[in-house]
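The numbers here are math on the coordinates, done by the rules we state, and not lab data. Treat the numbers as computed from the prediction; the structure is a model and nothing was measured. Every residue, glycine among them, receives a Cβ derived from its backbone with ideal geometry; neighbour counts consider all protein chains shown.
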Amino acid sequence: MKTETLDLNTSYGATTAYVARPEEDSAAAVILIQEWWGINDHIRDIAGRYANEGYLCLAPDLYRGKLAKNSEEAGQMMQALAIEDGVETIRQTIAMAEAKYNLQKFGITGYCMGGTFALRAACEINELSAAAPFYGDIPEESVLKNLAVPTLFIAGERDSWINPEKVNGLKEAARKYNLPIEVVSYDADHAFFNDTRPEVYDAEAAADAWRRVLDLFKKHLAIAAPTAA
């Protein structure tokens, strides 16, 4: 695995994306959206896991180099980040990466705040082929009804933020608009995938969720082999 930095320019200001590259070049990429802490070691570790699975993984820095020191600061930084800013940064990541790395398919995933942006992007960005948001907030129905990307939404039943009421609302919208989304809920807390936070980490739920996400991406990010002339 190799790592590098991709420079990005948006109307909200310049930023970068952390890039983890697999040993062999891939035409399939995973866009990884940060938790509310920023691009920290945990996010870089997850990017490396995707690279080890054969995907080029890009984690755009929505905070433009800032890292939250505690949950209060993280909450303030998340609230200060406009949805339009984050979505534009994701769009730019896709455009720049497509050109630089000759990519053909993109999936998107994210955790906490990143799950919010991953689901939103899946509703608004046509270049995406699959989405796997973890315990992110649900966009308004006028946005959600446009979801056309195969999506796996992962939730924790003991999550007090993305609570069962919100998750049930997502399921109702999925039925109403016949959305291509599967919702999986675990008997776990918010951020249960984060193995750097022992107070909420659930190894069994995290392992099962990881397997499901890899299955989703394997199905929808596969690159067809060129046919013989």
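Some observations on this one:
- Taking every DSSP bridge with both residues inside the chain, close to 30 percent are antiparallel.
- Assuming charge only on the beta carbon of Lys and Arg (+1) and of Asp and Glu (-1), the dipole of the stretch 24-127 about its Cα centre is about 40 debye to the nearest 20.
- Measuring max minus min along each principal axis, the C-alpha atoms of the chain give extents of 53, 39, 35 Å (largest first).
- Loop GluC sites (Glu not before Pro), the stretch 173-225, which have at most 13 other Cβ atoms in a 10 Å radius of their Cβ (DSSP): 199
- Of the residues 116, 178, 200, the one whose Cα sits farthest toward the positive end of the charge dipole of the stretch 2-220, with +1 on the Cβ of Lys and Arg and -1 on the Cβ of Asp and Glu, is 178.
- Largest-first ellipsoid semi-axes for the stretch 101-229, taking √(5λ) over the Cα gyration tensor eigenvalues, angstrom: 26, 19, 12
- By the rule of a C-alpha distance below 18 Å, with chain neighbours fewer than 8 residues away ignored, the lysines paired with residue 105 are 218, 219.
- In this Cβ point-charge picture (+1 for Lys and Arg, -1 for Asp and Glu), the stretch 2-220 has a dipole of about 480 debye about its Cα centre.
- Antiparallel bridges, percent of DSSP beta bridges restricted to the stretch 1-121 (to nearest 5): 55
- The stretch 113-162: GluC sites (Glu not before Pro) in DSSP coil with no more than 14 other Cβ atoms inside 10 Å: 140, 157
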